[in-house]
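Undergrad: The structure's right below; bear with me while I get my questions together.
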Amino acid sequence: METKEIVKMIDHTALACDKTEAEISLLCQEAISNGFYSVCINACHIPLAKGLLQGQDVKICTVVGFPLGATLSSVKAFEAAEAIKAGAQEVDMVINVGWVKSTQWDRVKADIDAVLNACGQVPLKVILETCLLTRDEIVKLCEICRALQVAFVKTSTGFSQGGATVEDVALMHSVVGRDIGVKASGGVRDLATALAMIDAGANRLGTSSGIAIANGLQDNQAGY
């Protein structure tokens, strides 16, 4: 795999609540300079990013129901619709983990489906928060996402007890197959970890360490 292909898998991410407009502006410039796939930002920053990225080959990704996933499904759907109106080109949603733990699978599916319908043609990534789930719960969620034909399943918010693991990425990929993407997010901070996630089946990387990964790739010009 070529360096540019790996760089193009990166969602350059800044989701901490204290990020300033200057930091979001820098994030956008870094995404342009390094050829990242997108910037992943909170919805309030979409108008700023839209202006900075106009005419550039960098998409705007945002998050809904973030980071807990415990709000009403109608609110998640409204968030998604409003974010898309503002300029979001991809949406990452957090599942309702409490419903998963309560085995309320119909409600879990309906929650995802509500956001999926609100997204229309805009790709939806479903954040499972794998660090809180059993293997069987991950499999069941991936089966639901496969049935709904979402764009991606995603490991983590990066704001819970843990992030992506190679084992979880491989498991998710084994269930959803090639038609649905797998986004590894949370703890992907260096080139070695990024490559391990890709080997396991990830084809998108959510990380605030995109520059470190890109720099690591520059030091390995022979490619991967």
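The values are calculated or read from the model by the stated rules, or taken from the named source; none is laboratory data. Remember, it's a predicted structure, so these values are computed and weren't measured experimentally. Here the Cβ positions follow ideal geometry from the backbone for every residue, glycine too, while neighbour counts run over all protein chains shown. Please note that ligands, DNA and RNA were not included when accessible areas were found on the heavy atoms of the full protein model with its side chains. Shrake-Rupley method; radii C 1.70, N 1.55, O 1.52, S 1.80 Å.
Undergrad: Is it the case that segment 148-155 has a residue that's among the basic types (Lys, Arg) and not in a helix (DSSP H, G or I)?
TA: yes
Undergrad: Hey, Val39 hits all of (1) in a helix (DSSP H, G or I); (2) without any contact (Cβ under 8 Å) to a residue 40 or more places away in the chain but one; which does it fall short on?
TA: It fails just one condition, (1).
Undergrad: Now a separate question. Go through segment 1-36 and give me each residue that's among the small types (Gly, Ala, Ser) and either open to solvent by 50 Å² or more (accessible area, probe 1.4 Å) or not in a helix (DSSP H, G or I) (or both).
TA: Residues satisfying the conditions are Ala14, Ala16, Ala22, Ser33, Gly35.
Rundown of residues vs (1) surrounded by fewer than 20 Cβ atoms within 10 Å (Cβ to Cβ); (2) over 24 Å from Asn34 (Cβ atoms), yes/no style:
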| site | (1), (2) |
| --- | --- |
| Leu124 | no, yes |
| Leu133 | yes, yes |
| Val139 | yes, yes |
| Gly158 | no, no |
| Ala164 | no, no |
| Asp190 | yes, no |
| Gly210 | no, no |
| Asn215 | yes, no |
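Undergrad: While we're here: Those residues that are crowded, with 20+ Cβ neighbours inside 10 Å and either of a type in the set (Phe, Trp, Tyr) or part of a loop (DSSP other than H, G, I, E, B) (or both), I need them from segment 172-188; list them, please.
TA: Once the filter is applied, which keeps residues that are crowded, with 20+ Cβ neighbours inside 10 Å and either of a type in the set (Phe, Trp, Tyr) or part of a loop (DSSP other than H, G, I, E, B) (or both), segment 172-188 yields Ile180, Gly186, Val188.
Undergrad: Condition check: in contact (Cβ under 8 Å) with a residue 12 or more places away in the chain, in contact with a Leu (Cβ under 8 Å, 6 or more places away or on another chain) and not basic (Lys, Arg). Does Val139 satisfy that?
TA: yes
Undergrad: Could you tell me which residue of segment 66-82 is surrounded by the most Cβ atoms within 10 Å (Cβ to Cβ), considering only residues that are in contact (Cβ under 8 Å) with a residue 24 or more places away in the chain, over 15 Å from the mean Cα position of the chain (by Cα) and part of a helix (DSSP H, G or I)?
TA: Among residues in segment 66-82 that are in contact (Cβ under 8 Å) with a residue 24 or more places away in the chain, over 15 Å from the mean Cα position of the chain (by Cα) and part of a helix (DSSP H, G or I), the one surrounded by the most Cβ atoms within 10 Å (Cβ to Cβ) is Lys76.
Undergrad: Can Ala49 be described as over 16 Å from Val153 (Cβ atoms), surrounded by fewer than 21 Cβ atoms within 10 Å (Cβ to Cβ) and touching a helix residue (DSSP H, G or I) at 6+ places or on another chain (Cβ under 8 Å)?
TA: no
Undergrad: Here is a follow-up. Output yes when any residue across segment 107-114 is touching a residue at least 24 places away in the same chain (Cβ under 8 Å), open to solvent by less than 40 Å² (accessible area, probe 1.4 Å), over 23 Å from Arg178 (Cβ atoms) and touching a Ser or Thr at 6+ places or on another chain (Cβ under 6 Å), and no when none is.
TA: yes
Undergrad: With the requirement that a residue be under 22 Å from Ile10 (Cβ atoms) and β-branched (Val, Ile, Thr), what does segment 38-79 give you?
TA: Val39, Ile41, Ile46, Val58, Ile60, Thr62, Val63, Val64 - these are the residues of segment 38-79 that are under 22 Å from Ile10 (Cβ atoms) and β-branched (Val, Ile, Thr).
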